[in-house]
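Colleague: Structure incoming, see below.
No lab work stands behind these numbers, since they all come straight from the coordinates. The model shown is predicted, which means the values in this text are computed figures rather than measured ones. Backbone-built Cβ (ideal geometry, glycine too); neighbour counts: all protein chains shown.
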Amino acid sequence: MTIQITNTMTGRKELFETIEPGKVRMYVCGPTVYAEAHIGHAMSAMVFDIIRRYLEYQGYQVIHAQNFTDVDDKIINRANELGISSEQLAEDMINEWMAQTARLNIKPATIYPRATQEIDTIIGLIEKLIESGHAYHVPGSDVFYRVSRFENYGKLSHRNLDDMIAGSRVDVDEHKENPMDFVLWKAAKEDEPSWDSPWGPGRPGWHIECSAMIQRHLGGEIDIHGGGSDLIFPHHENEITQSESINCGHNLARYWVHNGMLELRGEKMSKSEGNLVTIRELLDMGGGEVFRFMVLGSHYRSPMAFGDDTYESAKRGLERLIGAVRGLDRREVPDARPSHELADAADEARQRFEAAMNDDFNTPVALAALFDLARSINRAQDEGHGTPEARWAQARLQDLAAVLGLKLQEPEPESLDSAPFIDLLVEVRQQLREAKQFELADQVRDRLSALGVVIEDSAEGSRWRMDR
RNA sequence: GGCGCCGUAGCCAAGUGGUAAGGCAGGAGUCUGCAAAACUCUGAUCGGCGGUUCGAAUCCGCCCGGCGCCUCCA
């Protein structure tokens, strides 16, 4: 069990070794809750859900923290627009996020810290930073981090201060000693939510909350710190700077893991640009698992394109996997491994699956192993091989898919109100077929098909399913 | 201007030195009353030009094209 992970810090794949044996402490940056989340957020959460599931599959105990940034300018502005408090807006958005991620089969994080619940820790951190000369308070203004005091500033994003200053900059706060200095504590304006602090009423800057949450909930150094690649700079860079300034030589995190951006029409999906598909829209079209399949289909570090064509293609691919385990009843699965070539195929698939996942979570290759196993199962069934072997292999396929968070289940027909009526129509059609009334039988099938009900005839009779 | 990523069959997408996984679509066939599903067969020399090497999609250089970050951002 040797897992390799690409570490943004070094830019290369590294052997994964946890600080504490068998235990992984993972912190993943969650959304700023000011508006409905889009599928780019879903993708990021899903990527780390998959990583977590695989680590757990490999026997690690994973402590997974995912934060909510629940106070910032955008939340305040949006709440004002809506005429509700920023607390209320954040609460609503968080509830929605929890419900939606659940429907996306994303395992709940172990802890969900929020910026507003870390104020004491945050203030404590800032005090330390000021004491040690890493930060300064400008009276009547904000508290800033003094970037020049951290000699390795830019080590994560691989850039240096001089290059960045050379870049075009706008709106530099004139209170700053250095344009790259960033806010730790933001003084409150009128009517803004605020907390008392040694520097007057205000609220935390964006980056400090993560440093505080990690320190308080996970300890000084964590194993994995994750998030979207757009967070590398400045957010994660600044987190490192703050935390390591007072971390007594410890690194903030061992492995920095970043997922690629989701693209729509060739451009990064983002709230501010307005080119987005919301998670709600995705779920409304029944695309939760299809989307997960799409995420699995490209490497987590690469950008992923979302579009009608890629969606349809993924949907068909997913249906193929679902088809391979169709009709599986776990109660019919033999306990013992059958001695049959299908069992060999299942073993081989598992080995390839693990090798792929060990290699920086190469999900496209892991999926390929599942597809090959699906083919073996289908072939064996076509050749009429005994069900015990097939059941056993199907169960193995379903188990591996589950490691990726794929359920591979069709919607329960019984849960449909219309199920009894569809059953009746299928039964009648069967009688028509037996009476060689094919024209009528086909008509029934066509009409049902138009309603999204797919009928498949076989030697054992007809079965139907909803076309998702 | 700086940093980084990417360009592989019609589409999506793995693959970092030894002659290209997988999926979708397409074509032919098997099965079927027909259809669907499934199965079998079927396709690329890897953006371009040079270089290193016995050998490169994989390493180096240049060029072309696309994207991300450098401001809030998963």
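Colleague: Which value in nm describes the separation of the simple spin-label points at A:Ser302 and A:Glu341, placed 7 Å from the Cα toward the beta carbon?
Modeller: 3.2
Colleague: Tell me which GluC sites (Glu not before Pro) from the range A:414-468 have a DSSP coil assignment and no more than 11 other beta carbons within 10 Å of their own.
Modeller: Values: sites: A:Glu414, A:Glu427, A:Glu434, A:Glu439, A:Glu456, A:Glu460; in loops: A:Glu460.
Within the range A:414-468, the qualifying GluC sites (Glu not before Pro) (loop, at most 11 other Cβ atoms within 10 Å) are A:Glu460.
Colleague: Along the range A:301-306, what does the Karplus equation 6.51 cos²θ - 1.76 cosθ + 1.60 (θ = phi - 60°) give for ³J(HN,Hα), rounded to whole Hz, x for Gly and Pro?
Modeller: Per-residue couplings from phi come out as 7, 7, x, 10, 8, 10 Hz.
Colleague: Explain nothing, just the number: dipole magnitude of the range A:209-254 about its Cα centre with +1 on each Lys and Arg Cβ and -1 on each Asp and Glu Cβ, in debye rounded to the nearest 20. Please report the intermediate quantities before stating the final value.
Modeller: Working: 2 positive and 7 negative charges, 27 e Å.
Approximately 140 debye in magnitude.
Colleague: Sticking with this one: Can you grab the distance from the C-alpha centre of the range A:188-249 to the C-alpha centre of the range A:409-468, Å, no decimals?
Modeller: 57
Colleague: Sorted from fewest to most neighbouring beta carbons within 10 Å, what does the list A:Val28, A:Val426 look like?
Modeller: On the way: A:Val28 23, A:Val426 19.
Going from least to most buried by this count: A:Val426, A:Val28.
Colleague: What is the list of residues in the range A:31-52 whose amide nitrogen lies under 14 Å from a point 7 angstrom out from the Cα of A:Ile19, following Cα to Cβ?
Modeller: Under 14 Å, as judged by backbone N against the label point of A:Ile19, lies no residue of the range A:31-52.
Colleague: Of all beta bridges DSSP finds with both residues in chain A, what is the antiparallel percent, to the nearest 5?
Modeller: Working: 25 of 47 bridges.
Approximately 55 percent, going by the DSSP bridge assignments.
Colleague: Which residue, chosen from A:Met213, A:Leu184, A:Gly228, occupies the Cα position most advanced towards the positive end of the dipole of the range A:160-234, where the dipole is computed from +1 (Lys, Arg) and -1 (Asp, Glu) charges on Cβ about the Cα centre?
Modeller: Going by the Cα projections, it comes out as A:Met213.
Colleague: Using modelled backbone amide H atoms (1.01 Å from N, in-plane), which distant-in-sequence or interchain residues come within less than 5 Å of A:Glu14's amide H?
Modeller: Counting only residues 5 or more places away or on other chains, the set is A:Ile5, A:Thr6, A:Asn7.
Colleague: For a test of the definition: using alpha carbon positions, the gyration tensor, and the 1.5 limit on a/c, classify the range A:263-415 as rounded, prolate or oblate.
Modeller: Cα axes put the range A:263-415 in the prolate bin.
Colleague: Moving to a separate point now. Residue farthest toward the positive end of the dipole of chain A, with Cβ of Lys/Arg at +1 and Asp/Glu at -1: which of A:Leu400, A:Thr69, A:Ser298?
Modeller: A:Leu400
Colleague: Also: Among A:Cys248, A:Cys29, A:Cys210, rank each residue by its count of other Cβ atoms within 10 Å, from fewest to most, as a rough exposure measure.
Modeller: Details: A:Cys248 7, A:Cys29 23, A:Cys210 28.
Ordered from fewest to most neighbouring Cβ atoms within 10 Å, A:Cys248, A:Cys29, A:Cys210 come out as A:Cys248, A:Cys29, A:Cys210.
Colleague: Turning to a different aspect of this structure: For chain A, what is the relative contact order in percent, using Cα pairs closer than 8 Å and at least 6 residues apart in sequence? Walk me through the numbers before you get to the answer.
Modeller: Numbers: 685 pairs, mean separation 72.6, N = 468.
Averaging sequence separation for qualifying contacts and normalising by length gives 16 percent for chain A.
Colleague: Any idea what the dipole of chain A comes to, in debye rounded to 20, about its Cα centre with Lys/Arg Cβ at +1 and Asp/Glu Cβ at -1?
Modeller: 840
Colleague: Each residue of the range A:225-236 in order: what ³J(HN,Hα) in whole Hz does its phi give by Karplus 6.51 cos²θ - 1.76 cosθ + 1.60, θ = phi - 60°, with x for Gly and Pro?
Modeller: Karplus-based 3J(HN,Hα) across the range A:225-236 equals 10, x, x, x, 5, 6, 9, 4, 10, x, 4, 5 Hz.
Colleague: Ok, one more. Give the residue list of trypsin sites (Lys or Arg not before Pro) in the range A:223-279 that are DSSP loop and have at most 10 other beta-carbon atoms within 10 angstrom.
Modeller: On the way: sites: A:Arg254, A:Arg265, A:Lys268, A:Lys271; in loops: A:Arg265, A:Lys271.
Here the sparse-neighbourhood loop sites are A:Arg265.
Colleague: Relative contact order for the range A:203-251: what is it in percent, counting Cα pairs under 8 Å that are at least 6 residues apart? Working shown, then result.
Modeller: Working: 22 pairs, mean separation 23.8, N = 49.
Rounded, it is 49 percent for the range A:203-251.
Colleague: Is the range A:54-144 best put as rounded, prolate or oblate by its Cα gyration tensor, with a ≥ b ≥ c the root eigenvalues, rounded for a/c under 1.5, and otherwise prolate when a/b is larger than b/c, oblate when not?
Modeller: On the way: a/c = 3.76, a/b = 1.30, b/c = 2.90.
Judged from the Cα gyration tensor, the range A:54-144 comes out oblate (a/c at least 1.5, b/c at or above a/b).
Colleague: Sticking with this one: Given A:Met43, A:Ala324, A:Leu156, which one lies farthest toward the positive end of the charge dipole of chain A, if we put +1 on the Cβ of every Lys and Arg and -1 on the Cβ of every Asp and Glu?
Modeller: Result: A:Ala324.
Colleague: For the range A:196-354, take every pair of Cα atoms, bin their distances at 5 Å starting from 0, and report each bin as a whole percent.
Modeller: 2, 7, 10, 13, 12, 11, 12, 11, 9, 6, 4, 2, 1, 0, 0
Colleague: Still on this structure: Kindly put A:Arg350, A:Arg445 in sequence by how many other C-beta atoms sit within 10 Å of each C-beta, fewest to most.
Modeller: Numbers: A:Arg350 18, A:Arg445 22.
Ascending number of Cβ neighbours within 10 Å: A:Arg350, A:Arg445.
Colleague: How big is the Rg/Rh ratio for chain A, C-alpha atoms only, Rh by Kirkwood, two decimals? Could you put the intermediate results ahead of the total?
Modeller: Working: Rg = 26.5 Å, Rh = 25.1 Å.
Taking Rg over the Kirkwood Rh, I get 1.06.
Colleague: For n ≥ 4 DSSP H runs only, could you compute -39500 (n - 2.57) per run for chain A, divide by its residues and tell me the 222 nm figure to the nearest 500? Spell out each step's value before the answer.
Modeller: Details: 15 runs with 198 residues, N = 468.
-13500 deg cm²/dmol, from helical runs alone.
Colleague: For the range A:174-268, what relative contact order do you get, as a whole percent, if you take Cα pairs closer than 8 Å and at least 6 residues apart?
Modeller: Working: 98 pairs, mean separation 22.5, N = 95.
Dividing the mean separation by the residue count of the range A:174-268 yields 24 percent.
Colleague: Using +1 on the beta carbon of Lys and Arg, -1 on that of Asp and Glu, and nothing else charged, what's the dipole of the range A:80-191 about the Cα centre, debye to 20? Intermediate results must be reported in sequence, preceding the final value.
Modeller: Details: 12 positive and 20 negative charges, 117 e Å.
Dipole of the range A:80-191, to the nearest 20 debye: 560 debye.
Colleague: Eight or more residues apart or on different chains, and alpha-carbon atoms under 21 Å: count the Lys pairs in chain A matching that.
Modeller: 13
Colleague: For A:Asp344, what charge total do you get from the other residues with a beta carbon under 15 Å from its beta carbon, if Lys and Arg give +1 and Asp and Glu give -1? Provide the component values of the computation, followed by the final result.
Modeller: On the way: positive: A:Arg337, A:Arg350, A:Arg352, A:Arg375, A:Arg379, A:Arg396; negative: A:Glu341, A:Asp347, A:Glu348, A:Asp372, A:Glu389.
Surrounding charge for A:Asp344 is +1.
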